[in-house]
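Read the structure below first, then the notes.
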Amino acid sequence: MGLPEQGNATRHLCIGLLAHVDAGKTTLSEGLLFRAGVIRRLGRVDHRNTFLDTFEIERQRGITIFSKQAVLRTPGFSATLLDTPGHVDFAAEMERTLEVLDCAILVVSAPEGIQSHTMTVWQLLRKRRIPTFLFVNKMDLPGADRAEILRLLNKELGGGFADFSSFDEEVAASVDEELIEQYLATGHLERESLRRAVAECRIFPTYFGAALKLEGVDEFLAGLEELAPGIPAAAAEQPFGAKVFKISRDDQGARLTHLKVTSGRLRVREQLEGPDWKEKVTGLRLYSGAKFTPVEELGPGEVGAVVGLSRTAPGLGLGVEAAGQDPTLEPALIYRLLLPPGMEVQTALPKLRQLEEEEPQLKVEWDERLGEIRLALMGQVQLEIITQLLKERFDMEVSFDEGSILYRETIAAPVEGVGHYEPLRHYAEVHLLLEPGQRGSGLRFATACSEDELGRNFQHLVLTHLREKQHLGVLTGSPITDLTITLMSGRAHVKHTEGGDFRQATWRAVRQGLMQAESVLLEPWYDFTLTLPSGSVGRALTDLQRMGAEIDPPMIEGDDARLTGSGPVAALRGYHSEVLAYTRGVGRFVCTMKGYAPCADPDPVIEAIGYRAENDLANPADSVFCSHGAGVTVKWNEVEQHMHLPSVLAPLKEEEPIVQRAARYAARVASDKELMAIFERTYGPIRRDERTALRTPKPVKKEPSPQNYRGKAGPTGPEYLLIDGYNIIHAWDDLRALAEKSLDLARSRLIDRLCSYQGYRQTPVILVFDAWRVKGNPGSVEQVGGLSVVYTKEAETADMYIEKVTHEIGRKHRVRVATSDGLEQIIILSHGALRVSAGAFRKEVEVVEKTIALFLRKN
């Protein structure tokens with residue numbers, strides 16, 4: 001039984017090829033391009049003539065190192081095929097391409113099954129909810145069992161996998177409830193239902209074949225043509241949006257910005273804007289392999305290279321497109337660069353910075369204190385590649401030391417950090433709350449400071465200074481992570497405060513808090529897969545246990561065995577050589593980065609590094625106070641006796657960030673009256689100083705006499721409804737799914753529904769969207785029917801606008817605010833407004849829509 005017929009509409013989409021190394025990913029790309037007519041002759045990795053391995057260094061090693069693209073066209077769709085590296089050392093290159101994919105192809109080797117890097121790739125795909133097709137390769141080799149592989153895929157990767165090689169509607173429907181209901185009701189499956197199931201990641205079409213022999217390639221290409229979701233044609237009429245995923249340089253040294261257009265069109269000679277720059281597009285290129293075609297414009301779904309931009313970076317959103325997610329994969333090793341005799345650091349650094357700009361997995365650090373250049377890398381193979389690239393591109397004969405572990409630091413309990421900066425004619429004081437976050441959460445920044453105490457602009461300044469610096473821990477000088485840092489209070493001077501004052505106060509506050517905290521040293525851990533002869537299992541288990549690894553039960557398959565688990569990078573690095581030695585070249589030891597965990601034995605590490613926090617003049621923890629007309633340095637442990645604002649740290653029953661506490665607290669409340677009652681009963685009257693809102697209030701000695709109390713009349717006039725637009729979009733499932741394809745379409749859909757709602761209710765409705773990251777944006781208000789649509793100005797979030805408007809109109813009118821932001825809900829209540837959760841507001845809208853539909857049917 002074949003798939004339902006395909007329509008004639010041509011779709012543009014971007015497809016990524018991902019796999020564990022040696023699974024046959026590049027071979028599959030050759031097969032797809034050959035069968036689609038893009039290339040006339042099949043290349044082979046072992047013959048060093050594949051279409052997408054365009055660099056000599058890739059052909060020499062037989063692996064993909066840089067992501068490349070090819071344009072693939074069929075009668076049903078036009079696609080950009082992005083071939084990504086499969087080796088774990090170049091996983092960062094793979095990860096950054098995920099930002100621009102409409103769907104992905106995950107290649108699995110049938111004999112090897114689900115390998116460690118396969119799991120890493122799968123987790124990244126699911127985190128971003130990217131529709132995924134699977135091609136199980138090398139089915140012609142011994143040990144390839146289709147039924148067993150399909151069982152393992154559903155067991156280990158979470159279900160939803162169905163064999164589409166010989167398409168059977170009943171088999172396809174069996175993995176999804178919605179599809180099986182349709183099949184039982186009608187006896188067949190509609191193509192659009194299947195495509196929607198793929199787009200919503202409810203089903204993952206799985207094909208089997210042997211790419212080297214072109215077995216199964218035609219069926220796979222037909223499946224992509226039928227089921228791959230792409231950008232809708234209407235996106236071409238929307239405002240321009242694009243996302244940058246790569247920076248490179250051509251043979252003449254011209255800087256290329258590789259991006260995907262997500263909406264609208266990009267034309268040559270158009271001006272693009274970033275956070276603090278404006279530049280003109282001088283050329284557009286459509287690459288396919290090593291060659292390119294100059295074009296005058298790029299449309300939705302197309303991937304191209306832009307000439308003329310010098311300030312772009314991977315992950316940057318252009319136009320209406322938001323910035324991408326922060327990378328998940330991080331280097332675990334750091335190496336000291338040894339320059340050749342006669343080469344100055346000032347000569348080498350610019351070249352390294354250029355390479356760093358192009359290679360996301362390369363992190364260049366200049367330690368001015370030690371006068372050293374250090375490179376943070378993913379592994380030994382990447383180190384060899386970087387050495388070769390520096391030689392070929394810049395004629396730099398460099399070497400590296402043996403390398404060391406890249407540690408991280410965090411804290412064990414909440415602590416307050418205070419920074420004061422007050423030399424003559426300067427003034428700023430900042431109080432921060434540092435709280436430990438979940439492992440792997442990174443750094444998060446928030447504010448819980450009253451604008452009556454510190455103005456909004458100064459609060460934004462503090463948050464900016466928190467983000468712009470890599471803050472170092474006090475044990476080893478390693479970067480801090482897994483922390484939530486919240487601005488609790490601060491003070492500025494009307495005449496003497498300048499922008500740089502808050503930079504100094506903020507950085508000193510972070511450092512002062514870390515000096516007081518119970519710091520925890522974190523070390524990187526690997527997930528590993530060890531394949532070896534079963535007779536060597538005992539030796540391997542002994543070694544791994546000695547190294548402190550956590551090991552899963554061994555899997556014995558005939559004469560071979562497989563061990564999986566995780567362990568510290570410090571112990572596991574270099575073990576691959578031992579495995580080769582005691583298995584006589586048969587064993588394979590593959591590691592992927594798992595994350596960071598507390599160091600089992602931190603004292604020797606701290607002593608060996610020899611970092612002295614108080615001697616680090618670039619990261620001072622002391623504060624500067626003014627005394628007798630001059631600035632005086634006060635040691636970090638004495639700042640509390642001199643600070644101008646009271647301490648903000650109160651005993652907290654739960655060790656979680658303030659924003660999370662507020663969100664969980666608000667989510668438990670069923671009505672506004674109950675929320676208000678609990679809020680005031682727990683924290684005291686809402687008019688109290690917001691800095692002390694989380695402390696238990698002192699009992700009131702004397703209550704006012706009831707007979708002397710006269711109630712104040714409530715506000716009159718129409719009821720205003722304010723809506724946090726993006727909060728609603730990401731809270732409603734249908735709008736969130738639409739936003740993943742086109743944020744502009746999701747906005748339009750929400751505006752349409754609210755126009756009907758406002759027309760029926762006949763009350764003022766204000767829909768607010770964030771535009772605070774758009775440089776130079778003055779803000780705007782549009783009238784759509786009776787609906788007011790607000791786009792906030794630069795440096796103003798929707799939350800800020802809603803708080804301001806609620807405060808202004810809440811004195812004369814009733815105000816409701818639709819949002820599911822827990823902290824925002826509490827602030828809204830303090831201004832006298834009522835809140836409506838996103839779920840409750842959706843029900844209101846649906847009731848209105850049903851009422852309108854019923855009226856139309858009757859008339």
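The values are calculated or read from the model by the stated rules, or taken from the named source; none is laboratory data. All figures in this text were calculated on a predicted structure; none of them were measured in a lab. Please note: Cβ atoms are built from the backbone with ideal geometry, for glycine as well, and neighbour counts cover all protein chains shown. Each accessible area value is taken on the protein alone, full model and side chains, heavy atoms only, with ligands, DNA and RNA left out. Shrake-Rupley method; radii C 1.70, N 1.55, O 1.52, S 1.80 Å.
Which pairs have Cβ atoms under 7 Å, sit 6 or more apart or on different chains, and link a residue in region 406-429 that is closer than 30 Å to residue 334 by Cα to one that is aromatic (Phe, Trp, Tyr) and buried (at least 20 other Cβ atoms within 10 Å of the Cβ)?
That search, which allows pairs on different chains as well, returns 408/596.
Which numbered condition in (1) within 30 Å of residue 88 (Cα to Cα); (2) open to solvent by 50 Å² or more (accessible area, probe 1.4 Å) is the only one that residue 606 fails?
Going through the list (1) within 30 Å of residue 88 (Cα to Cα); (2) open to solvent by 50 Å² or more (accessible area, probe 1.4 Å), residue 606 breaks only (2).
Out of (1) at pLDDT below 85; (2) under 30 Å from residue 38 (Cβ atoms); (3) surrounded by fewer than 17 Cβ atoms within 10 Å (Cβ to Cβ), what's the single condition that is false for residue 297?
Just one mismatch for residue 297, condition (1).
Do you know which of the residues in region 266-294 that are among the hydrophobic types (A, V, I, L, M, F, W, C) and closer than 20 Å to residue 81 by Cβ is surrounded by the most Cβ atoms within 10 Å (Cβ to Cβ)? First the steps, then the outcome.
Of all residues in region 266-294, those among the hydrophobic types (A, V, I, L, M, F, W, C) come to 266, 268, 272, 277, 281, 284, 286, 290, 292.
When the remaining residues are screened for being closer than 20 Å to residue 81 by Cβ, the result is 284, 286, 290, 292.
Values: 284: 23, 286: 17, 290: 12, 292: 17.
Out of the qualifying residues, it is 284.
Filter region 33-46 down to the residues that are out of contact with any helix residue (DSSP H, G or I) (no Cβ under 9 Å at 6 or more places or on another chain) and not in a helix (DSSP H, G or I), then identify the one that is farthest from residue 86 (Cα to Cα).
Applying the first criterion (out of contact with any helix residue (DSSP H, G or I) (no Cβ under 9 Å at 6 or more places or on another chain)) to region 33-46 yields 33, 37, 46.
From the residues that got through so far, the ones that are not in a helix (DSSP H, G or I) too are 37, 46.
On the way: 37: 25, 46: 16 Å.
Among those that are out of contact with any helix residue (DSSP H, G or I) (no Cβ under 9 Å at 6 or more places or on another chain) and not in a helix (DSSP H, G or I), it is 37.
Name every residue in region 212-237 that is outside any helix (DSSP H, G or I) and at pLDDT 90 or above, in order of residue number.
Start the filter on region 212-237 by keeping residues that are outside any helix (DSSP H, G or I), which leaves 214-216, 228-232.
Listed by number, the residues that qualify are 214, 215, 216.
For region 613-624, check the following and say yes or no: at least one residue is closer than 23 Å to residue 377 by Cβ and modelled with pLDDT of 85 or more. Before the answer, list the steps.
Of all residues in region 613-624, those closer than 23 Å to residue 377 by Cβ come to none.
Scanning region 613-624, I find no residue that is closer than 23 Å to residue 377 by Cβ and modelled with pLDDT of 85 or more, so the answer is no.
Across region 363-385, what is the total count of residues that are open to solvent by less than 40 Å² (accessible area, probe 1.4 Å), closer than 13 Å to residue 334 by Cβ and modelled with pLDDT of 80 or more?
5
With region 787-845 as the region, which strands (runs of 3 or more DSSP E) entirely inside it contain at least 1 residues that are open to solvent by 40 Å² or more (accessible area, probe 1.4 Å), in contact with a strand residue (DSSP E or B) (Cβ under 6 Å, 6 or more places away or on another chain) and modelled with pLDDT of 75 or more?
Numbers: elements: 787-791, 815-818, 834-836.
It comes to 787-791, 834-836.
Tell me, yes or no, whether region 574-587 has at least one residue that is basic (Lys, Arg), touching a residue at least 24 places away in the same chain (Cβ under 8 Å), over 25 Å from residue 470 (Cα atoms) and out of contact with any Lys or Arg (no Cβ under 8 Å at 6 or more places or on another chain).
Here is the first cut: in region 574-587, the residues basic (Lys, Arg) are 584.
So of that shortlist, the ones also touching a residue at least 24 places away in the same chain (Cβ under 8 Å) come out as none.
No, because not a single residue in region 574-587 is basic (Lys, Arg), touching a residue at least 24 places away in the same chain (Cβ under 8 Å), over 25 Å from residue 470 (Cα atoms) and out of contact with any Lys or Arg (no Cβ under 8 Å at 6 or more places or on another chain).
When region 246-256 is examined, which residues are found to be over 19 Å from residue 70 (Cβ atoms) and assigned to a strand (DSSP E or B)?
247, 249, 255
Looking at residue 93, is it among the acidic types (Asp, Glu), in contact with a Pro (Cβ under 9 Å, 6 or more places away or on another chain) and either at pLDDT below 90 or open to solvent by 40 Å² or more (accessible area, probe 1.4 Å) (or both)?
Numbers: among the acidic types (Asp, Glu): yes; in contact with a Pro (Cβ under 9 Å, 6 or more places away or on another chain): yes; either at pLDDT below 90 or open to solvent by 40 Å² or more (accessible area, probe 1.4 Å) (or both): yes.
So residue 93 fits the description; yes.
Can you pull out every residue in region 504-526 that is part of a helix (DSSP H, G or I) and surrounded by fewer than 21 Cβ atoms within 10 Å (Cβ to Cβ)?
Result: 515, 516.
Check 574, 595, 585 and return the single one that is under 30 Å from residue 417 (Cα atoms) and at pLDDT below 90.
Numbers: 574 fails: under 30 Å from residue 417 (Cα atoms); 585 fails: under 30 Å from residue 417 (Cα atoms).
On inspection, the qualifying residue turns out to be 595.
Residue 600 is checked against (1) more than 25 Å from residue 124 (Cβ to Cβ); (2) in contact with a Gly (Cβ under 9 Å, 6 or more places away or on another chain); (3) among the aliphatic types (A, V, I, L, M); (4) open to solvent by less than 30 Å² (accessible area, probe 1.4 Å) and fails just one. What number does that condition carry?
(4)
Tally up the residues in region 117-133 that are of a type outside the set (Val, Ile, Thr) and assigned to a loop (DSSP other than H, G, I, E, B), please. Show your work before the answer.
The first filter runs over region 117-133 and keeps only residues of a type outside the set (Val, Ile, Thr), leaving 117, 119, 122-129, 131, 133.
From the residues that got through so far, the ones that are assigned to a loop (DSSP other than H, G, I, E, B) too are 128-129, 131.
Residues meeting the conditions: 3.
Rundown of residues vs (1) open to solvent by 10 Å² or more (accessible area, probe 1.4 Å); (2) touching a helix residue (DSSP H, G or I) at 6+ places or on another chain (Cβ under 8 Å); (3) at pLDDT 80 or above, yes/no style:
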site	(1), (2), (3)
8	yes, no, no
18	no, yes, yes
31	no, yes, yes
78	yes, no, yes
99	yes, no, yes
107	no, yes, yes
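Which numbered condition in (1) surrounded by fewer than 20 Cβ atoms within 10 Å (Cβ to Cβ); (2) free of Cβ contacts under 8 Å to residues at least 40 places away in the same chain is the only one that residue 400 fails?
Looking at each condition in turn, residue 400 falls short on (2).
Could you tell me which residue of region 176-202 is modelled with the highest pLDDT, considering only residues that are aliphatic (A, V, I, L, M) and either touching a Phe, Trp or Tyr at 6+ places or on another chain (Cβ under 8 Å) or open to solvent by 30 Å² or more (accessible area, probe 1.4 Å) (or both)? It would help to see each step written out before you state the result.
Of the residues in region 176-202, the ones aliphatic (A, V, I, L, M) are 179-180, 184-185, 189, 194, 197-199.
From what is left, the residues that are either touching a Phe, Trp or Tyr at 6+ places or on another chain (Cβ under 8 Å) or open to solvent by 30 Å² or more (accessible area, probe 1.4 Å) (or both) are 180, 184-185, 189, 198.
Values: 180: 87, 184: 87, 185: 87, 189: 86, 198: 92.
Among them, the one singled out is 198.
What's the number of the only condition in (1) under 21 Å from the mean Cα position of the chain (by Cα); (2) open to solvent by less than 10 Å² (accessible area, probe 1.4 Å) that residue 429 fails to meet?
(1)
Please determine whether any residue of region 458-466 is under 22 Å from residue 520 (Cα atoms) and either out of contact with any helix residue (DSSP H, G or I) (no Cβ under 8 Å at 6 or more places or on another chain) or outside any loop (DSSP other than H, G, I, E, B) (or both).
Looking only at region 458-466, we keep the residues that are under 22 Å from residue 520 (Cα atoms), and these are 466.
In the following step, the residues that additionally are either out of contact with any helix residue (DSSP H, G or I) (no Cβ under 8 Å at 6 or more places or on another chain) or outside any loop (DSSP other than H, G, I, E, B) (or both) were identified as 466.
Within region 458-466, one or more residues are under 22 Å from residue 520 (Cα atoms) and either out of contact with any helix residue (DSSP H, G or I) (no Cβ under 8 Å at 6 or more places or on another chain) or outside any loop (DSSP other than H, G, I, E, B) (or both).
Any idea which residue in region 250-265 is most open to solvent (accessible area, probe 1.4 Å), counting only those that are free of Cβ contacts under 8 Å to residues at least 40 places away in the same chain and touching a strand residue (DSSP E or B) at 6+ places or on another chain (Cβ under 7 Å)?
From region 250-265, those free of Cβ contacts under 8 Å to residues at least 40 places away in the same chain are 250-253, 265; that's our starting set.
Imposing the further condition that a residue be touching a strand residue (DSSP E or B) at 6+ places or on another chain (Cβ under 7 Å) reduces the set to 250, 265.
Values: 250: 28, 265: 84 Å².
Among those residues, the one meeting the criterion is 265.
Looking at region 214-241, I want the residues that are under 16 Å from residue 11 (Cβ atoms) and acidic (Asp, Glu) and have a partner that is modelled with pLDDT of 90 or more and assigned to a loop (DSSP other than H, G, I, E, B) with Cβ atoms under 6 Å, at least 6 apart or on another chain. Which pairs are those?
From residues that are under 16 Å from residue 11 (Cβ atoms) and acidic (Asp, Glu), there are no pairs.
Mind checking whether some residue in region 542-554 is over 24 Å from residue 601 (Cα atoms), loosely packed, with under 13 Cβ neighbours inside 10 Å and in contact (Cβ under 8 Å) with a residue 24 or more places away in the chain? Reasoning before the result, please.
Residues of region 542-554 over 24 Å from residue 601 (Cα atoms): 553-554.
Those still in the list that are loosely packed, with under 13 Cβ neighbours inside 10 Å too: 553.
Next, from what is left, pick out any that are in contact (Cβ under 8 Å) with a residue 24 or more places away in the chain: none.
Scanning region 542-554, I find no residue that is over 24 Å from residue 601 (Cα atoms), loosely packed, with under 13 Cβ neighbours inside 10 Å and in contact (Cβ under 8 Å) with a residue 24 or more places away in the chain, so the answer is no.
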